[in-house]
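**Student:** Following this message is one structure expressed as structure tokens.
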Amino acid sequence: MKVVRAAVVGAGAMGSGIACVLSQCGIEVLLKDVEQTAVDRGLGNIKRMYDSRVKKGLNSQEEADKLFGLVKGTTSYDDFKNVDLVIEAAFEEISVKLDIFKTLDAICPKKAILATNTSALSVSEIAAATSRPDKVLGMHFFNPAQFMKLVEVIPGVHTAEETVKTAMDLCREMQKTPVKVEECPGFLVNRVLFTYMNEALYVLQEGTATIEEIDAKAVEHGLPMGPFALFDMTGIDVCAHVTQFLYEQYGERFAPSPLLAKMVKAKQLGQKTGAGFFMHDKGVPAKGEAKVVNAKVTELVAEANKEKALPKAEKFDGLRIILPMLNEAIYCLQEGVVDVKDIDLAMANGCGFKKGLVELADSKGLAFCLDELKAYSKVDAERFRPSWLLSKLVAAKMTKLSDFGKKPAPVC
Ligand code: NAD
């Protein structure tokens, strides 16, 4: 199905970005929110996105005006009767999403696809609120939606292949990079990335390396910024919430570092409060100067260690925070969540990871990765427990992860 008319429910940060990219490919978009002020804010955001495209020479003023004209703000569902697809980007609360999907199901044409941009809720549960679970799926955009290329396309239990195809085609039309991810908590990118974020906290709490050393090693390994810079940018409370959710879903492998709760309790939440792992006060750091570490973190590390003393590891070589990501990606392969060819694509386009986990495993060799994980399991047996698929591949003498799933040509 070709999407000609779409709607976005929720005109916040994500909804306005999604509405903007839909309109950029000539699709008429209804942007719906509960209050007119929220709709106007969303439209204002989109207008600014188009102004910036004109400034960068990506659109002429005339084109930008025409494309912006395709977005119509609304507080009612009246015009939803002839949409082909809806993307919901309202609050991340299951009751809110279930209500919205019940309403959409009653109003939208039977052929319309209903997508949710949820970061963590169950796509299948949301689909079950409708009479068309075959036409419901997750389309997980990354923030800021107008720039980030990745969209995780997540079928629920009953989603039809045709629905997935329409969503994938639409993503490509929007110049995005869609990756099909089977439904699991955290989907692919957040599930993998949070093992690294959490491990960085453990390294810091132990005193094995400093904030600056850990961030620098992450960048050396191909991440666009270190874990602590990312914590501060995302909001440490938001990260704590995601880590807790993953811990509840997957168990000890995601056990949150005690330091995380201490940072939240002390309201050192990152950029939004002026201080997280780094200082973000006005004028700090001065232009051109290095980032300034928040001195309070030392106090909070000591407090966290009183709660659970962590022995200092012998060394920090960066691999310690990268390997848990690789291991988690292999858990995803083990569960059939993703194709091996899509792992690096998703990590590159979802979080700017330049080197790639599969590339890393291929270059180091799977046996090396397994041995390293086993060596690190002295630090913590659960967080570094190798996935059984990795052990199986090594036992089978497979050296490259990219060969996973490839069958040798039959011998006649
Ligand atoms: P936001 O708070 O900026 O915007 C949410 C908007 O939804 C608000 O304007 C609110 O008024 C509106 N809304 C709430 N209930 C509604 C209803 N019943 N009908 C219509 N509109 C309603 O939130 P956001 O950051 O844009 O996130 C939206 C969704 O996208 C969430 O599910 C979130 O988990 C997901 N998401 C967020 C990010 C991110 O980094 N912000 C990334 C990926 C996915």
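The values are calculated or read from the model by the stated rules, or taken from the named source; none is laboratory data. Predicted model, so just to flag it, every value in this text is computed and none were measured. Positions of Cβ are generated from backbone atoms using ideal geometry, with glycine treated the same way; all protein chains shown enter the neighbour counts. Each accessible area value is taken on the protein alone, full model and side chains, heavy atoms only, with ligands, DNA and RNA left out. Shrake-Rupley method; radii C 1.70, N 1.55, O 1.52, S 1.80 Å.
**Student:** Rounding to the nearest 20 debye, state how big the charge dipole of segment 5-180 is about its Cα centre with +1 on each Lys and Arg Cβ and -1 on each Asp and Glu Cβ.
**Tutor:** Its charge dipole is roughly 400 debye.
**Student:** Further question on the same structure: Can you spot the aspartates and glutamates whose alpha carbon is less than 16 Å from residue 272's alpha carbon? Ignore those fewer than 8 places along the same chain.
**Tutor:** 232, 237, 281
**Student:** In a GNM of the chain with a 10 Å cut-off on Cα contacts, which of 104, 193, 137 has the highest mean-square fluctuation?
**Tutor:** 104
**Student:** Please give me the summed charge of the neighbours of residue 157: other residues whose Cβ is under 12 Å from its Cβ, Lys and Arg +1, Asp and Glu -1.
**Tutor:** Around residue 157, the surrounding residues sum to -4.
**Student:** Can you give me the long-range amide H partners of residue 113? Hydrogens built in the peptide plane at 1.01 Å from N, cutoff under 5 Å, separation of 5 or more residues or another chain.
**Tutor:** Counting only residues 5 or more places away or on other chains, the set is 85, 86.
**Student:** Taking the alpha-carbon distance from residue 72 and a cut-off under 15 Å, which aspartates and glutamates remain once sequence neighbours fewer than 8 residues away in the same chain are dropped?
**Tutor:** Within reach: 28, 33, 35, 40.
**Student:** Right, something else. How large is ³J(HN,Hα), in whole Hz, for each residue of segment 218-233 in order, when computed from phi with the Karplus curve 6.51 cos²θ - 1.76 cosθ + 1.60 and θ = phi - 60°, using x for Gly and Pro?
**Tutor:** My calculation for segment 218-233 gives 4, 5, 4, 7, x, 7, x, 8, x, x, 6, 4, 5, 4, 5, 6 Hz in order.
**Student:** Probe radius 1.4 Å, ligands and nucleic acids ignored: give me the carbon and sulfur share of the accessible area of the chain as a rounded percent.
**Tutor:** 56 percent
**Student:** Nothing charged except the Cβ atoms of Lys and Arg (+1) and of Asp and Glu (-1): what's the magnitude of the dipole of the chain about its Cα centre? Round to the nearest 20 debye.
**Tutor:** It comes to approximately 480 debye.
**Student:** Tell me, what HN-Hα J-couplings in whole Hz come from the Karplus equation 6.51 cos²θ - 1.76 cosθ + 1.60 at θ = phi - 60° for each residue of segment 202-209, using x for Gly and Pro?
**Tutor:** My calculation for segment 202-209 gives 5, 4, 5, 4, 5, x, 6, 8 Hz in order.
**Student:** Out of residues 5 or more away from residue 139 or on other chains, whose amide H comes under 5 Å of its own, with H placed 1.01 Å from N in the peptide plane?
**Tutor:** Under 5 Å from the amide H of residue 139 lie the amide H atoms of 116, 117, 118, 154, each far enough along the sequence or on another chain.
**Student:** Starting at the first residue of segment 32-42, write each ³J(HN,Hα) from the Karplus equation 6.51 cos²θ - 1.76 cosθ + 1.60 with θ = phi - 60°, in whole Hz, x for Gly and Pro.
**Tutor:** Going residue by residue, I get 10, 9, 6, 10, 4, 4, 5, 4, 5, 4, x Hz, with x marking Gly and Pro.
**Student:** Also, quick follow-up: If amide hydrogens are placed 1.01 Å from N in the peptide plane, which non-local residues have theirs closer than 5 Å to the one on residue 275?
**Tutor:** Those lying under 5 Å, H to H, from residue 275 are 269, 270, 280.
**Student:** Hey, in the GNM for the chain with a 10 angstrom Cα cutoff, which one of 133, 285, 256 fluctuates hardest?
**Tutor:** 285
**Student:** Still on this structure, please answer the following. Counting helices only, and only those DSSP H runs with n ≥ 4, report the 222 nm mean residue ellipticity of the chain as the sum of -39,500 (n - 2.57) divided by its residues, in deg cm²/dmol to the nearest 500.
**Tutor:** -15000 deg cm²/dmol
**Student:** Summing Lys, Arg as +1 and Asp, Glu as -1, what charge do residues with Cβ under 14 Å from the Cβ of residue 96 carry, residue 96 excluded?
**Tutor:** Taking every other residue near residue 96 into account, the sum is -3.
**Student:** Could you put 363, 23, 124, 119 in order of accessible surface area, largest first, with the 1.4 Å probe and the full protein assembly present?
**Tutor:** Correct descending sequence by accessible area is 363, 119, 124, 23.
**Student:** Compute, for residue 402, the solvent-accessible surface of its heavy atoms (probe 1.4 Å) with the complete set of protein chains present, and express it in square angstrom to the nearest 10.
**Tutor:** Solvent-accessible area, nearest 10 Å²: 40 Å².
**Student:** Only Cα pairs under 8 Å and at least 6 apart count here; give the relative contact order of the chain as a rounded whole percent.
**Tutor:** Relative contact order for the chain comes out at 12 percent.
**Student:** Under a 1.4 angstrom probe, counting protein chains only, how are 307, 199 ranked by accessible area, largest first?
**Tutor:** The ranking, largest first, comes out as 307, 199.
**Student:** Mean-square fluctuation check for the chain, GNM, Cα pairs under 10 Å: which of 134, 380, 105 is largest?
**Tutor:** Per the Cα network of the chain with a 10 Å cutoff, 380 tops the list.
**Student:** Using only Cα atoms, find the angle between the long axis of helix 366-376 and the longest principal axis of the chain, and express it within 0 to 90 degrees, rounded to the nearest 10.
**Tutor:** 70 degrees
**Student:** Restricting to Cα pairs below 8 Å that are 6+ residues apart, what does the relative contact order work out to for segment 5-180? Please round to a whole percent.
**Tutor:** Computed over segment 5-180, the figure is 20 percent.
**Student:** In addition: Of 42, 271, 322, whose Cα points farthest to the positive end of the dipole of the chain (charges on the beta-carbon: +1 Lys, Arg; -1 Asp, Glu; origin at the Cα centre)?
**Tutor:** 322
**Student:** Can you check what the net charge comes to around residue 383, using other residues whose Cβ is under 9 Å from the Cβ of residue 383 (Lys, Arg +1; Asp, Glu -1)?
**Tutor:** Overall, the nearby charge balance is -2.
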